[in-house]
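What follows is one structure encoded as structure tokens, with my remarks underneath.
The values are calculated or read from the model by the stated rules, or taken from the named source; none is laboratory data. These numbers come from a predicted model, not from an experiment. Don't worry about glycine lacking a Cβ; one is built from the backbone with ideal geometry, like all the others, and counts go over all protein chains shown. Only protein heavy atoms, including side chains, enter the accessible area calculation; ligands, DNA and RNA are left aside. Shrake-Rupley method; radii C 1.70, N 1.55, O 1.52, S 1.80 Å.
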Amino acid sequence: MRLDKPGILAFIIALILAIVVLGAFSALQASYHFEGAPSYLPWLLGLALFVLAYFMIRLGVEQFVYSKVKIIYKNIHELKIGSETEEEELARSTDLDKVTKEVSEWATQNRNEIAELRERENFRREFIGNISHELKTPIFNIQGYLLTLLDGAIDDQEINRRYLKRANKSVDRMINIIEDLEVIAALESDRVQINYESFDLTELVEGVFELLEDKAHKKHVQFKIKKDLDRPLKVMADRAKIEQVLINLVGNAIKYGNEKGQVEVRFFDMDKHILTEVSDDGIGIPPEDVPRIFERFYRVDKSRSRDAGGTGLGLSIVKHIIEAHKQTINVRSSENKGSTFSFTLKKS
Ligand SMILES: Nc1ncnc2c1ncn2[C@@H]1O[C@H](COP(=O)(O)OP(=O)(O)O)[C@@H](O)[C@H]1O
Ligand SMILES: [Mg+2]
């Protein structure tokens with residue numbers, strides 16, 4: 001006899017029933033004086049009745065409880081695994097411990113999922129807020145220039161040209177933001193593909209230096225490459241995406257570097273990886289801002305970044321790309337001395 005909860009309930013009811021019947025039997029025997037009945041008969045009857053009642057009540061209670069448990073189990077199991085429960089599985093589902101375990105596992109999983117969704121939702125809300133804020137600035141600027149022109153400035157050739165040029169600059173800014181957002185959206189979607197190929201990093205950096213030559217020239221910044229070995233540095237990575245990383249890092253190094261300063265790219269051969277460093281001798285990053293600079297739209301000095309055509313998205317794109325290669329990016333910086341960004345890539 002199992003004395004779990006239904007067992008105890010059945011035990012108590014069967015015991016009461018047996019006592020009542022036994023009592024009634026004794027009373028009957030006392031008034032009718034049965035002859036010849038053995039003296040242990042009432043006890044035997046009582047015991048038989050108790051055992052019979054115990055098992056019947058227990059079976060009834062179990063059937064009732066387990067019919068409910070089965071429904072709960074079926075629903076939770078199906079929610080958890082996302083498909084129908086098999087008959088065989090259902091037949092084994094009457095183990096209360098198993099059902100309890102399954103329910104608590106399911107609740108934990110749900111709690112975690114909800115927390116993650118909430119976090120993502122907050123992130124999304126903040127992101128949309130940032131985008132509209134960033135786009136509002138150039139749009140209001142353009143509107144300002146147009147209204148001034150409509151107010152009469154249009155008749156002055158000189159002002160006319162100047163304001164149209166400024167409006168055009170604001171349009172460029174909006175295009176930059178939208179292009180960076182498109183890159184981020186593509187990188188964050190599940191369809192981001194890293195097309196691995198073998199290429200020479202030195203060559204890629206030289207190409208990026210050529211692309212950014214004008215920008216560097218305007219600030220009289222000098223480019224330098226330093227490597228410990230005089231042979232091609234072949235890596236296995238997505239060439240176009242790593243080019244984007246270098247454009248963003250070298251672009252920042254020029255933007256936040258000194259006038260007449262130096263931007264240096266260094267390579268280090270590390271057994272299975274190549275470590276690339278991009279450094280400048282510019283304004284540096286305050287220590288409290290360092291942990292946040294890879295966040296979307298985070299900028300230490302908003303107006304400085306905007307004036308230089310920044311969107312605050314460059315480093316978050318860089319981080320995405322490096323992480324999609326399962327590699328890491330780091331930064332070390334000291335204020336008014338300069339910053340160094342470094343990332344690894346697998347050798348080929
Ligand atoms: N080389 C650097 N030197 C100093 N500060 C930097 C450097 N690179 C990035 N930062 C800081 O990190 C912020 C984020 O960089 P990024 O995502 O590229 O945006 P931005 O469009 O402003 O360049 C910049 O606004 C700047 O404050
Ligand atoms: Mg940038």
Name the residue that is modelled with the highest pLDDT, counting only residues in segment 1-16 that are within 15 Å of Asp97 (Cα to Cα) and part of a helix (DSSP H, G or I).
Lys5
Against the conditions (1) away from ligand 2 (no atom under 16 Å from the Cβ); (2) open to solvent by 60 Å² or more (accessible area, probe 1.4 Å), where does Ser342 fall short? Just the number, please.
(2)
Would you check which residues across segment 161-173 are free of Cβ contacts under 8 Å to residues at least 40 places away in the same chain and in contact with a Ser or Thr (Cβ under 9 Å, 6 or more places away or on another chain) and list them?
Tyr163, Ser170
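If you take the residues of segment 119-149 that are acidic (Asp, Glu) and more than 18 Å from Asn176 (Cβ to Cβ), which of them is modelled with the lowest pLDDT?
Glu126
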Condition first: closer than 21 Å to Pro287 by Cβ and either at pLDDT below 95 or not basic (Lys, Arg) (or both). Now tell me which residues in segment 314-336 satisfy that.
Gly314, Leu315, Ser316, Val318, Thr328, Ile329, Asn330, Val331, Ser333, Ser334, Glu335, Asn336
When the residues of segment 179-207 are narrowed to those that are touching a residue at least 40 places away in the same chain (Cβ under 8 Å) and more than 16 Å from Gln244 (Cβ to Cβ), which ends up least open to solvent (accessible area, probe 1.4 Å)?
Thr202
Which listed residue, of Lys272, Lys337, is under 24 Å from Glu203 (Cβ atoms), in contact (Cβ under 8 Å) with a residue 12 or more places away in the chain and surrounded by fewer than 18 Cβ atoms within 10 Å (Cβ to Cβ)
Lys272
If a residue has to be within 10 Å of Val99 (Cβ to Cβ) and exposed (fewer than 11 other Cβ atoms within 10 Å of the Cβ) to count, how many in segment 63-79 make the cut?
0
Is it the case that Arg120 is on the phi < 0 side of the Ramachandran plot and surrounded by fewer than 12 Cβ atoms within 10 Å (Cβ to Cβ)?
yes
Would you confirm whether any residue within segment 94-101 is more than 30 Å from Ser67 (Cβ to Cβ) and either in a helix (DSSP H, G or I) or free of Cβ contacts under 8 Å to residues at least 40 places away in the same chain (or both)?
no
